[in-house]
Amino acid sequence: MEELWIFLLSALPLLELRGAIPVAIGVFKFSYLKAFFISFLGNIIIIIPLIWFLENLSGYLIKKSKMAERFFAWLFDKTRKKIKGGFLKWGKWVLVIFVAIPLPFTGAWSGSIAAFLFGLDKKTAFWLISLGVFLAGMIVTGVSFLGINFLK
């Protein structure tokens, strides 16, 4: 049951594996490898529906609701501003870097939105975002290891 909680926690926007790995290690006492693996899987599983259905879902909601239109305008504008300069300079590889930075608004959810906004094909986007999630997971696991050992 604890594994399911971590899997679901890592699929949530904002928290993603950045929140799930420390909880898995600190609260549930998972091994570092188990915490990483379950969080990684939970975080990349959400990429598939996001990149395949984001265009249709956002278009439908924008047509039906002014509030949704304002929300998506804000979200898309924020994502474009965060990644545009890097995208022009580094191309699609900036997506890996963007997702790998373990900060709020830079994970798989934002990466999927960025891939949609910049017109990346879905398979390429999935693998680039997955690589970014893998790197972010390694960073968060490493920082968790250092933090826990520093506190001992």
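The numbers here are math on the coordinates, done by the rules we state, and not lab data. Keep in mind that what you see is a predicted model, and the values were worked out from it rather than measured. Positions of Cβ are backbone-derived with ideal geometry, glycine not excepted, and every protein chain shown enters the neighbour counts.
Placing unit charges on each Cβ (+1 for Lys and Arg, -1 for Asp and Glu) gives the chain a dipole about its Cα centre, and among 7, 43, 116 the Cα reaching farthest toward its positive end belongs to 116. Here the Kirkwood formula, the inverse mean of 1/r across different C-alpha pairs, assigns the stretch 20-140 a hydrodynamic radius of 15.0 Å.
List the DSSP H helices in the chain whose Cα atoms stretch 30 Å or more along the helix axis and whose mean Kyte-Doolittle hydropathy is at least -0.5. Flagged H segments are 122-151. Note on the chain: with charges restricted to the Cβ of Lys and Arg (+1) and Asp and Glu (-1), its dipole about the Cα centre is near 480 debye.
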